[in-house]
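Engineer: Let me begin by handing over the structure; questions about it come next.
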Amino acid sequence: MKTRKVPMRMCLGCQQMKPKKELLRIVRTPEGAVELDPTGKRNGRGAYLCPDLICFQTAVKERRFRKAFGVDVDSEVFANLEGKITL
């Protein structure tokens with residue numbers, strides 16, 4: 001039986017490569033909104049993050065969302081994402 005290659009993605013916070021299924025996908029939609037993508041299949045530019053508050057805070061502090069998406073992200077979007085990550 002052939003084993004499948006596990007897709008790996010880098011966390012914006014800790015900068016470690018991890019299996020895609022273990023990470024949360026955050027997407028910038030074509031309209032420019034930044035939001036959590038629970039399905040992992042939404043259209044737009046995606047970035048990945050560990051489901052860990054420390055990784056989220058590191059990514060925010062070091063402006064890695066801006067680098068990944070190429071746009072400034074509102075602080076209210078961060079507050080909304082933070083609430084969803086801690087659940």
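Values quoted throughout were computed directly from the atomic coordinates according to the rules given, and no laboratory measurement underlies them. What you see is a predicted model; the values in this text were computed from it and never measured. Using ideal geometry, Cβ is built from the backbone for each residue, glycine included, and neighbour counts are taken over all protein chains shown.
Engineer: In straight Cα distance, which aspartates and glutamates are under 16 Å from K61, not counting same-chain residues fewer than 8 positions off?
Structural biologist: D52, D72, D74, E76, E82
Engineer: Relative contact order for the chain: what percent, with Cα pairs under 8 Å and sequence separation of 6 or more? Don't skip to the answer; put the middle values down first.
Structural biologist: Values: 127 pairs, mean separation 22.8, N = 87.
Rounded, it is 26 percent for the chain.
Engineer: Taking a ≥ b ≥ c as the square roots of the Cα gyration tensor eigenvalues, with a/c under 1.5 meaning rounded and otherwise prolate when a/b beats b/c, else oblate, which class fits segment 1-45? Walk me through the intermediate numbers first.
Structural biologist: Values: a/c = 3.05, a/b = 1.65, b/c = 1.85.
Judged from the Cα gyration tensor, segment 1-45 comes out oblate (a/c at least 1.5, b/c at or above a/b).
Engineer: Return the sequence-ordered ³J(HN,Hα) values of segment 38-44 in whole Hz as given by the Karplus equation 6.51 cos²θ - 1.76 cosθ + 1.60 applied to θ = phi - 60°, using x for Gly and Pro.
Structural biologist: 3J(HN,Hα) across segment 38-44, in whole Hz: x, 7, x, 10, 5, 5, x.
Engineer: Note down, for the chain, the three equivalent ellipsoid semi-axes (square root of 5 times each alpha carbon gyration tensor eigenvalue), biggest first, whole angstrom. Spell out each step's value before the answer.
Structural biologist: Numbers: eigenvalues 98, 44, 28 Å².
Computed over the chain, the values are 22, 15, 12 Å.
Engineer: I've got another one for you. Would you compute, from DSSP H runs of 4+ residues alone, the mean residue ellipticity of the chain at 222 nm, taking -39500 (n - 2.57) per run and dividing by the full residue count, rounded to the nearest 500?
Structural biologist: On the way: 3 runs with 26 residues, N = 87.
After summing the helix terms and dividing by the residues of the chain, the value is -8500 deg cm²/dmol.
Engineer: Of all GluC sites (Glu not before Pro) in segment 1-85, which ones are in loop regions per DSSP and have a Cβ with at most 15 other Cβ atoms within 10 Å? Please list the in-between numbers first.
Structural biologist: Numbers: sites: E22, E31, E35, E62, E76, E82; in loops: E31, E62.
In loop regions of segment 1-85 (DSSP not H, G, I, E or B), the sparsely surrounded GluC sites (Glu not before Pro) are E31, E62.
Engineer: Can I ask one more? Which angle from 0 to 90°, rounded to the nearest 10, does the C-alpha axis of helix 75-85 make with the longest principal axis of the chain?
Structural biologist: So the inclination is approximately 40 degrees.
Engineer: How big is the charge dipole of the chain about its Cα centre, in debye rounded to the nearest 20, if each Lys and Arg gets +1 on its Cβ and each Asp and Glu gets -1 on its Cβ? Provide the component values of the computation, followed by the final result.
Structural biologist: Working: 18 positive and 10 negative charges, 150 e Å.
So the dipole magnitude of the chain works out to roughly 720 debye.
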